[in-house]
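Novice: Structure incoming, see below.
The values are calculated or read from the model by the stated rules, or taken from the named source; none is laboratory data. Source: prediction; values computed, not measured. For neighbour counting, all protein chains shown are included, and Cβ atoms are generated from backbone atoms with ideal geometry for every residue, glycine included.
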């Protein structure tokens, strides 16, 4: 009975002492305790009295100190049978690199002590004498249940383990260990966190509940039983509202604390059914982000808009930031009225396999800390860093796709090549009608082609398949990654080889990406990111106007003309073999593909170095230097034999652009809690930005020696050099205050000083304020409501308009003649220098609501915004008698109002099957408010179309297509003249905006066991497009509508000028030439550009973890992928609705662009 009481008393004492030692001081755990008979007790082991006993033992240490060190470094725990054993002087630890048992053997050697192993994390320290007597200490029963004991012989020495040690490992769904996971005994303050290898140890009794939690993972609870070791798998948290997200300047915040709209897209969304240009890959992914389709091929540019166009004439695309480095995305050349090639932008230099995630900051409040560059929103790209890796690993990804042209042509094939109903029967007739399908009915008659050969007069429907080929895109990425408790790294290598559907046109790109973070000390952290890309593109295509444009030939050639007749490319004199002789600009597509030369190359280096020092737990300083720059070279050769180029002598032009931006900044920050209710996160910093751009170009023609294409071989060698240099210095700050983790207020301010503006007026402040209220944490809501947050924000910002160097300079030059022997000077600028020029002002107010229901199975994010632009920089025309042509002033005003909605849901979630989907939709309503009294601001004009333009008109939405309409009576009937031709409106009319009003997407992810299937449908509504291609098809007789009146003449449906029904028949060829080429009625060629598309799809399989568990391969997945597979809805005949020929502000113009393509292939991912 006495023995039982002794055990119970000892048990109570042990519980109290160990709860203190292992719970309250979790990071300073001593990690060992004592137990013995009724005269023994548990006491702490790090008392000052014990440490003072070291005196004469300089080469040895107290056992207490050694075991404490092992506890801290190895995470193991110790028990003693006698209190006095802890003061024994023992050998010091020579190395901690070996296992614990070897260390203990070395430490206890020649000390009279020994150890017993209870489990991997617990050891008992004993006297060796106990094992040589009748009262020896011998473990008869060892288990870790609450009532287990280590018993001895008749003397009854007992070690009773009352608080057990449970060890374990926490891994992710892919089996990889997860560091930094919190493990807490529920209802106590006893806790720990997992180490770099995912392991942990904690004291817990049988029946205790362990709470395992971390931001980004689903919290899990585990009831402690008889087990001593456990492996716990955590699932990633699907709810975005608890995530930590990256905001402006790389600052990380809880999503619940953010008072503005932001959306994160995981990097995996870009690696399956991928795009070469990452900007295009954002299509349909994010509410409020509109990606305009540009028909310039896979190596072309993208156009991304966030919440509409915020500037009338300036840059409207967002700021791109990669790993904290501002990233230049300037387009290096595009097609215009007279044609040209799209030389690409910066986004094609980003490898999708390197992307960890993309964070889109939509509102001005989200980007105000970027100052003058934040008005159009920001897209923050974070690359993979190896942060989740433990040890060394290798990842291999290969994406191979084939692509084919989507043939949108729906031509008439009843009447063939010729004119006025007559087919070509002579070589002259054939050469005169290569573009004309106004010939005879197609009945297999004998006809003659442009080289004099006879052929059967039959439809030539295979023009696309005969000229275009199957394209190929293969992108291989290999990454070496690793990490431990000191840091992590990732080194990625990539190779892209792209053959387009156009013969002899390809793109090659190699890249190196490096990202590392290293904890130099417990307070000093070092981060380095670097990305180098070399890109080479051969034979970029030209668009819009016909010269050098293969698309024009394949689209506009007569419908019985076999394009393969042009394969010889040149005639007997080595001149270009043209389809006909009526238009020297209507060229041979094979000659363009194989004889024209249009090559570009780009070398780009982007990187940043960051040092962060934690002065205190709540106070830090940070310094950063970043650089983004590239050298871009282009060479365009019009070869000998092209009639319009120096009478067949050819020409050459070469350009080199060298651009770089340097930023240096420093920040001091505070992150502190005051009591349990108030949190403060604040920082202040300064930045200096330096931009240098220079361009060298030269060339000329004709070539002195034919077919030797070099700038040294031209008779005329004009040379130009351009240079610009600008700086912006800034100071900024941010204050975040939180109350009880449900109420948050944020205020920021940034002041920029511009070197490009008048020093007296070059300072501008950009403030913001935002707040969020997580009301679900305050109010008692129905159980089916999981989460609710209301947010509101207001901010001011700008765009790059005022940051263009030399806008305010007045320059002079000398005339090429003299007066009385004296040189005469003149003002060498066409624009009046405006010393009062200032940055554009962009102000935005936003409110939003986030809700989650049914344990996060259903949720939505809703936002309403009102964005106003004033003092926009607009060029206005002035009288030439002033000596100038334009004046650049701050007069423009416009507004963008809109709503955004994101719905997420998990309709089905079982053990084997899950279905997650997201649906986003947004509407933007723009309005041009003021142009300083001007009736309109013209942005661009097309190659064909009388009075047609893209213009900004006060009172109307941004980017109006303007042109002539049909003249109509009060009943809406078209009015015809006495000759039977339609009349057009008396003045140029507005025909609709080329900018989409509604955009959205529907994304689905389905998983069944180890199979996965996902697809994306996107849509756009509310825009118009002016089709130059259809205008030409009308004039050439290829459009199906031109079948009307082929027999007997065309009678237009409408009335005459006196109100009577029109009954006048007009020859069909004459009529349709009149409304297209001669007396253009633009209304006929303006179409609704709305569409719905199946944008991307992937179907794959991941090898089960059970198969790979002990193998060399740690993960493997295989998938079939497809991109741009199907257009579900469109209203544009013969063209794709996303066929704009450039990425400028003037959206809504189409003419002979790169044909739409669909791609399909497979993706393989292996992890080692």
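Novice: Do the conditions hold for residue 433, that is, is it touching a residue at least 12 places away in the same chain (Cβ under 8 Å), surrounded by fewer than 18 Cβ atoms within 10 Å (Cβ to Cβ) and farther than 30 Å from residue 529 by Cα?
Specialist: Judged against the criteria, residue 433 is not a match.
Novice: Same structure, new question: From 764, 806, which residue is part of a loop (DSSP other than H, G, I, E, B) and touching a strand residue (DSSP E or B) at 6+ places or on another chain (Cβ under 7 Å)?
Specialist: Numbers: 764 fails: part of a loop (DSSP other than H, G, I, E, B).
It is 806.
Novice: Then there's this: Could you list, in sequence order, all residues of region 816-875 that are over 30 Å from residue 314 (Cα atoms) and touching a helix residue (DSSP H, G or I) at 6+ places or on another chain (Cβ under 9 Å)? First the steps, then the outcome.
Specialist: The first filter runs over region 816-875 and keeps only residues over 30 Å from residue 314 (Cα atoms), leaving 816-825, 849-861.
Matches in region 816-875: 850, 851, 852, 856, 859, 861.
Novice: Next question. Among the numbered conditions (1) farther than 24 Å from residue 1151 by Cβ; (2) surrounded by fewer than 23 Cβ atoms within 10 Å (Cβ to Cβ), tell me where residue 585 comes up short.
Specialist: (1)
Novice: If we keep just the residues of region 569-582 that are more than 19 Å from residue 429 (Cβ to Cβ) and within 44 Å of the chain's Cα centre (by Cα), which is surrounded by the fewest Cβ atoms within 10 Å (Cβ to Cβ)?
Specialist: In this case the residue turns out to be 569.
Novice: With respect to residue 308, is the statement that it is touching a residue at least 40 places away in the same chain (Cβ under 8 Å), under 23 Å from residue 994 (Cα atoms) and part of a helix (DSSP H, G or I) true? I'd like the intermediate steps shown before the answer.
Specialist: On the way: touching a residue at least 40 places away in the same chain (Cβ under 8 Å): yes; under 23 Å from residue 994 (Cα atoms): yes; part of a helix (DSSP H, G or I): no.
When the stated conditions are applied, residue 308 does not pass them.
Novice: Whether any residue in region 950-961 is in contact with a strand residue (DSSP E or B) (Cβ under 9 Å, 6 or more places away or on another chain), buried (at least 18 other Cβ atoms within 10 Å of the Cβ), at pLDDT 95 or above and under 28 Å from residue 1049 (Cβ atoms) is what I want to check.
Specialist: No, region 950-961 contains no residue that is in contact with a strand residue (DSSP E or B) (Cβ under 9 Å, 6 or more places away or on another chain), buried (at least 18 other Cβ atoms within 10 Å of the Cβ), at pLDDT 95 or above and under 28 Å from residue 1049 (Cβ atoms).
Novice: Can you work out which of the residues in region 437-460 that are in contact with a helix residue (DSSP H, G or I) (Cβ under 6 Å, 6 or more places away or on another chain) and not in a strand (DSSP E or B) is nearest to residue 586 (Cα to Cα)?
Specialist: Filtering region 437-460 for residues that are in contact with a helix residue (DSSP H, G or I) (Cβ under 6 Å, 6 or more places away or on another chain) and not in a strand (DSSP E or B), the one nearest to residue 586 (Cα to Cα) comes out as 450.
Novice: Given the conditions (1) surrounded by 15 or more Cβ atoms within 10 Å (Cβ to Cβ); (2) more than 26 Å from residue 200 (Cβ to Cβ); (3) modelled with pLDDT of 60 or more, which single one is not true for residue 137?
Specialist: Only one criterion is unmet by residue 137, namely (3).
Matching residues to (1) crowded, with 16+ Cβ neighbours inside 10 Å; (2) closer than 16 Å to residue 74 by Cα; (3) not assigned by TED's automatic domain parsing to the domain that holds residue 73:
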position	(1), (2), (3)
171	yes, no, yes
178	yes, no, yes
189	no, no, yes
200	yes, yes, yes
203	yes, yes, yes
212	yes, no, yes
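Novice: Right, another one. Which of the following residues is over 27 Å from residue 749 (Cα atoms) and without any contact (Cβ under 8 Å) to a residue 12 or more places away in the chain: 824, 814, 810?
Specialist: On the way: 814 fails: without any contact (Cβ under 8 Å) to a residue 12 or more places away in the chain; 810 fails: without any contact (Cβ under 8 Å) to a residue 12 or more places away in the chain.
Among 824, 814, 810, only 824 is over 27 Å from residue 749 (Cα atoms) and without any contact (Cβ under 8 Å) to a residue 12 or more places away in the chain.
Here's the yes/no breakdown for (1) over 30 Å from residue 550 (Cα atoms); (2) in the same structural domain as residue 213 (by TED's automatic domain parsing); (3) outside any loop (DSSP other than H, G, I, E, B); (4) in contact with a strand residue (DSSP E or B) (Cβ under 6 Å, 6 or more places away or on another chain):
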residue: 259; (1), (2), (3), (4): yes, no, no, yes
residue: 272; (1), (2), (3), (4): yes, no, no, yes
residue: 276; (1), (2), (3), (4): no, no, no, no
residue: 279; (1), (2), (3), (4): no, no, yes, yes
residue: 286; (1), (2), (3), (4): yes, no, no, yes
residue: 297; (1), (2), (3), (4): no, no, no, no
residue: 320; (1), (2), (3), (4): yes, no, yes, yes
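Novice: For region 1110-1134, which positions are part of a loop (DSSP other than H, G, I, E, B), closer than 29 Å to residue 951 by Cβ and in contact with a strand residue (DSSP E or B) (Cβ under 6 Å, 6 or more places away or on another chain)?
Specialist: Here is the first cut: in region 1110-1134, the residues part of a loop (DSSP other than H, G, I, E, B) are 1110-1114, 1131-1134.
Narrowing further to those that are closer than 29 Å to residue 951 by Cβ: 1131-1134.
If the condition is that a residue be part of a loop (DSSP other than H, G, I, E, B), closer than 29 Å to residue 951 by Cβ and in contact with a strand residue (DSSP E or B) (Cβ under 6 Å, 6 or more places away or on another chain), then 1131, 1132 are the ones that fit.
Novice: Report whether or not residue 1016 is outside any strand (DSSP E or B) and touching a residue at least 40 places away in the same chain (Cβ under 8 Å).
Specialist: Numbers: outside any strand (DSSP E or B): no; touching a residue at least 40 places away in the same chain (Cβ under 8 Å): yes.
In short, no.
Novice: Which members of region 579-610 meet the condition of being out of contact with any strand residue (DSSP E or B) (no Cβ under 8 Å at 6 or more places or on another chain) and in contact (Cβ under 8 Å) with a residue 60 or more places away in the chain?
Specialist: The answer is 579, 580, 581, 582, 583, 584, 586, 589, 590, 593, 594.
Novice: Restricting to region 385-408, name every residue that is in contact with a helix residue (DSSP H, G or I) (Cβ under 8 Å, 6 or more places away or on another chain) and surrounded by fewer than 18 Cβ atoms within 10 Å (Cβ to Cβ).
Specialist: Result: 407, single match.
Novice: Which one of 770, 786, 730, 776 is part of a strand (DSSP E or B) and either without any contact (Cβ under 8 Å) to a residue 60 or more places away in the chain or over 28 Å from residue 843 (Cα atoms) (or both)?
Specialist: Working: 770 fails: either without any contact (Cβ under 8 Å) to a residue 60 or more places away in the chain or over 28 Å from residue 843 (Cα atoms) (or both); 730 fails: either without any contact (Cβ under 8 Å) to a residue 60 or more places away in the chain or over 28 Å from residue 843 (Cα atoms) (or both); 776 fails: part of a strand (DSSP E or B).
When all the criteria are applied, what remains is 786.
Novice: Separate question: In contact (Cβ under 8 Å) with a residue 60 or more places away in the chain and surrounded by 15 or more Cβ atoms within 10 Å (Cβ to Cβ): which single residue out of 652, 692 fits that description? Walk me through it before giving the result.
Specialist: On the way: 692 fails: in contact (Cβ under 8 Å) with a residue 60 or more places away in the chain.
Of 652, 692, the one residue that is in contact (Cβ under 8 Å) with a residue 60 or more places away in the chain and surrounded by 15 or more Cβ atoms within 10 Å (Cβ to Cβ) is 652.
Novice: Quick check, is residue 1054 surrounded by 22 or more Cβ atoms within 10 Å (Cβ to Cβ) and in contact with a strand residue (DSSP E or B) (Cβ under 8 Å, 6 or more places away or on another chain)?
Specialist: Details: surrounded by 22 or more Cβ atoms within 10 Å (Cβ to Cβ): no; in contact with a strand residue (DSSP E or B) (Cβ under 8 Å, 6 or more places away or on another chain): yes.
It is false that residue 1054 is surrounded by 22 or more Cβ atoms within 10 Å (Cβ to Cβ) and in contact with a strand residue (DSSP E or B) (Cβ under 8 Å, 6 or more places away or on another chain).
Novice: Which of (1) part of a strand (DSSP E or B); (2) modelled with pLDDT under 95; (3) over 30 Å from residue 517 (Cα atoms) is the odd one out, the single condition residue 637 does not satisfy?
Specialist: (2)
Novice: Sticking with this one: How many residues are over 55 Å from the mean Cα position of the chain (by Cα) and either farther than 11 Å from residue 980 by Cα or without any contact (Cβ under 8 Å) to a residue 60 or more places away in the chain (or both) when one looks only at region 1050-1078?
Specialist: As a first pass, look at region 1050-1078 and keep what is over 55 Å from the mean Cα position of the chain (by Cα): 1056-1065.
In the following step, the residues that additionally are either farther than 11 Å from residue 980 by Cα or without any contact (Cβ under 8 Å) to a residue 60 or more places away in the chain (or both) were identified as 1058-1061, 1063.
Looking only at that region, the number is 5.
Novice: Taking the conditions exactly as written (under 26 Å from residue 805 (Cβ atoms), assigned to a strand (DSSP E or B) and over 29 Å from the mean Cα position of the chain (by Cα)), does residue 890 satisfy them or not?
Specialist: Numbers: under 26 Å from residue 805 (Cβ atoms): yes; assigned to a strand (DSSP E or B): yes; over 29 Å from the mean Cα position of the chain (by Cα): yes.
Yes: the conditions hold for residue 890.
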